[in-house]
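Structure first, then comments.
What follows draws every value from the coordinates through simple rules; no lab data is involved. Keep in mind the model is a prediction, meaning the values are calculated, not measured. Cβ coordinates were reconstructed from backbone atoms using ideal geometry, including for glycine residues, and neighbour counts include every protein chain displayed.
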Amino acid sequence: MARTIETLARFPLFRAMPESDIRKLDTQCVWRRAREGESVLDYGEGGADVYFVVSGKLRVRVQTISGKEAILRDLGDGEFFGELAAIDGLPRSAAIVALTDATIARMPPGVFRAVVHARAEVCDAVLAILASQVRMLANRVNEFSALDVRGRIRAELLRLARPERAGGPGAVISPPPTHSELAARVSCRREAVTRELNALTRAGALARRKGAIVLTDPAALAESVERMKA
């Protein structure tokens, strides 16, 4: 069956591949839809398929030593997950849940490894993504060792923020995370998030807008995080 929307051609990972090769990959995937709130993968689950997010938003959760869940990151259109199990064959190290209705392509591990081995540009892209994830995790470890809860909350706000469309000095987080979500991202209690956000609002560093949180001076907030590391 011909696919127009459900195709890997939309993924940066395969952008340089010939259209005919991408169509072949499309036929080797299982295409499915996940409903909002549905668990796509669980901790320790077997299987080594790689999942490609065609549309929708998913969340990556990891389990701490104490058994609590922590939010690692969110995934959107054009991203993929499950590549570690496809490479090393070990059980899943994270859980994936759909934040919205999503369309996902599931690729067998043998197909994924074959295209990585056959196409240098795909291999380079996968290596770059893995390197960026290692750097991200190293940065998070550094934050947990060098920053207190206030500093970790500020660092996470900066990580979630995007420049304002109007080109102003501020940065926007939209939709705004709940206090519980922020707490799960930085491994603290929800009450600590509430206190810090209120303090930043009183100081004028944070403003609340319908459907968004605005960091009024991201550069100054970043400087405050660096001072906390000293």
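What angle, in degrees between 0 and 90 and rounded to the nearest 10, separates the Cα long axis of helix 109-118 from the longest principal axis of the Cα atoms of the chain? That works out to roughly 90 degrees. Counting only aspartates and glutamates at least 8 places from residue 229 when in the same chain, those with an alpha carbon closer than 12 Å to its own are 143, 148. Given R₀ = 22 Å, FRET efficiency for residue 210-residue 55 by Cβ-Cβ distance, to 0.05? That gives a FRET efficiency of 0.30.
Note on the stretch 147-229: Cα-only Rg and Dmax are 11.8, 34 Å. Over all pairs of different C-alpha atoms, the stretch 175-215 has a mean inverse distance whose reciprocal, the Kirkwood radius, equals 10.5 Å. Label separation (residue 181 vs residue 123): 3.9 nm, computed from points 7 Å beyond Cα along the C-beta direction. For Cα Rg over 2.2 N^0.38 Å, the candidate list reads [x] 0.93; [y] 1.13; [z] 1.08; the entry that matches the value derived from this model is [y]. Compactness of the stretch 71-157, taken as the C-alpha radius of gyration over 2.2 N^0.38 Å, stands at 1.31.
The angle separating the long axis of helix 120-146 from the principal Cα axis of greatest extent in the chain is about 30 degrees.
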